[in-house]
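What follows is a single structure, written as structure tokens, with notes after it.
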Amino acid sequence: MSTRRLRSEDYNDYSSTEATPDGSPPEGINSFAAPSAYRRFGESNGTTWLQTLIHLVKGNIGTGLLGLPLAVKNAGIMLGPLSLLVMGIAAVHCMGILKPSLPFVDYGDAVMYGLEASPSTWLRTHAIWGRYIVGFFLILTQLGFCCVYFVFLADNLKQVISAANGTTNDCHSNKTTVLTPTMDSRLFILSLLPFLVLLVYIQNLKFLSIFSMLANLAMLCSLLMINWYIITGIPDPSNLPLVAGWKTYPLFFGTAIFAFEGIGVVLPLENKMKNPRHFPVVLYVGMAIVTILYISLGTLGYLRFGASIQASITLNLPDCWLYQSVKLLYSIGIFFTYALQFYVPAEIIVPGAVSQVPERWALWVNLLLRTCLVCVTCLLAILIPRLDIVISLVGSVSSSALALIIPPLLEITTYYSDGLHPVTIAKDILISVLGFAGFVVGTYESLWALATPPISNTTSALVQ
């Protein structure tokens, strides 16, 4: 194995903008401009296994989970859960590939050092482009998640406010609520902007674990109540198709791979652990929990609401005070999740930019860049305020590259010269080819659906 891929002394650790895990910069503001002064992983003040597990679960449970019932609809009641299981195993396997390949580095450096170990002279010469490509897709993916969060928060807040006058204590009534006219969803998106800007000013990962815990608790309570409502009223599923049409399956792929949205935080979380040797156990335990939750909610949600399932299952809940509070509670969780998903692109963009300015401007440039990035996600959400299509598009374009295409190719280029087994090579090629097919077809179908005018529905009328 080439030792070039094991070096750690000459890389910039994008996983740690905050100077120390306890929140106090060791060198003042100058730590923003000196990447070499950042804390590395394995330090005594790093995160514990429990804190890492919280971040990992939180990084994978977001709006994608609530969109899985619609994804199952796009695949079929039989094909959908099976495809989720296969995709989950593949995604978790690819996350595991990143762990043993290259310790001491982030995702971009892992790919760069993997290319340096390749037997191809051309790949070794252009290895730096591996880091650039991963950085590009990481930024695209994580900011795409943030765009989706804007739309999700706006849709749920709008529905709660619109139905406020008709909200009752009866959660079993099938009567259609007359929605009160309210402002456009784009205005709701804009109204969220200042609060999210303030949230991303928090740059300490260990301090963010507090908000991550609050988000986990809020979303856990919401998910328990959503699952209770689902399982207590499942109708006869005999009229649901076992396999949906081939044209909607690419939309399933985009939404499903979007749901496995945590690969960008795998190495940063490992780098922050007090004892990184525990990370493989944390990874597989956390992702097993996530995968089981995905399959169960996706399947049961589609069984409960059938053809009327919406982009987020929360939009199908009754207009009673109990389930209106569920929507608000989950929205609170998503609000705090925005900061964790924003963490990765900020780590890539901000340190390099602030290192180019004088020390006295470092803090202001740092805050300005964070503000601009949040504004970009807000603007994109305003331009494309369709939750289901945005989820599928982001998943197909960027999540597929990071979760399914790049990791298997990284394993081949890194270990090929060490005599990689032909079965392993065939497995890696198969995963990458399937990921690329999903990337092409899923992107095409998402753009086609985006160009098609949406069918107007009254949300509360869809509650069964």
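What accessible surface, in Å², does a 1.4 Å probe find on F188, ignoring ligands, DNA and RNA and rounding to the nearest 10?
Using a 1.4 Å probe on the heavy atoms, I get roughly 10 Å².
For R124, what accessible surface area do you get with a 1.4 Å probe? Give it in Å², rounded to 10.
Only protein atoms counted, so the area is about 80 Å².
Measuring from label point to label point, each 7 Å out along Cα→Cβ, what is the D418 to V376 span in nm?
Calculated label separation equals 3.6 nm.
First check a/c for region 345-462, with a ≥ b ≥ c the square roots of the eigenvalues of its C-alpha gyration tensor; if it is under 1.5, answer rounded, and if not, answer prolate when a/b is larger than b/c or oblate otherwise.
oblate
If you project the alpha carbons of region 355-415 onto the principal axes, what extent comes out on each, in Å, largest first?
Answer, in whole Å and largest first: 45, 40, 10 Å.
Measure off, as a whole percent, the carbon and sulfur share of the 1.4 Å-probe accessible area of region 300-422, all protein chains present.
Percent of accessible area from carbon and sulfur atoms in region 300-422: 75.
If I model a spin label at I133 and I210 as a point 7 Å from the Cα along the Cα→Cβ vector, what separation in nanometres do I get?
Result for the modelled spin labels: 4.2 nm.
If you take the C-alpha gyration tensor of region 115-154, multiply each eigenvalue by 5 and take the square root, what semi-axes do you get, largest first, in whole Å?
After scaling each eigenvalue by five and taking roots: 35, 6, 5 Å.
Which pairs in the list K58/K272; K272/K327; K58/K206 are over 22 Å apart, alpha-carbon to alpha-carbon?
Over 22 Å Cα-Cα: K272/K327.
By how many nm would the segment from S325 to A164 grow when fully extended, if each residue of separation counts as 0.36 nm and the alpha-carbon distance is taken off?
Once the chain is fully extended between S325 and A164, it gains 56.8 nm.
If you take the square roots of the eigenvalues of the alpha-carbon gyration tensor of region 380-429 and sort them as a ≥ b ≥ c, do you get rounded (a/c under 1.5), prolate (a/b over b/c) or oblate?
Prolate.
Over region 263-319, give the accessible area per residue in Å² for a 1.4 Å probe, as an integer.
Result: 28 Å² per residue.
With a Förster radius of 25 Å, plug the Cβ-Cβ distance of A426 and H126 into 1/(1 + (r/R0)^6) and report the FRET value to the nearest 0.05.
So the FRET efficiency works out to roughly 0.45.
Mind giving me the FRET efficiency for S191 and V281? R0 is 41 Å, r the Cβ-Cβ distance, nearest 0.05 is fine.
0.45
Can you order the peptides 388-395, 208-215 by their average number of other Cβ atoms within 10 Å per residue, highest first?
By packing density, highest mean first, the sequence is 388-395, 208-215.
Name the residues whose placed amide hydrogens come within less than 5 Å of the amide hydrogen of T47, ignoring near sequence neighbours (fewer than 5 apart) on the same chain.
Amide H neighbours of T47: M273, K274.
Highest first, please rank the peptides 291-297, 136-142 by the mean number of other Cβ atoms sitting within 10 Å of their residues.
Answer by packing, highest mean first, reads 136-142, 291-297.
The values are calculated or read from the model by the stated rules, or taken from the named source; none is laboratory data. As the structure is a prediction and not an experimental result, all values here were calculated from the model. Don't worry about glycine lacking a Cβ; one is built from the backbone with ideal geometry, like all the others, and counts go over all protein chains shown. Quick note on the areas: whole protein, heavy atoms, side chains included, nothing else; ligands and nucleic acids left out. Shrake-Rupley method; radii C 1.70, N 1.55, O 1.52, S 1.80 Å.
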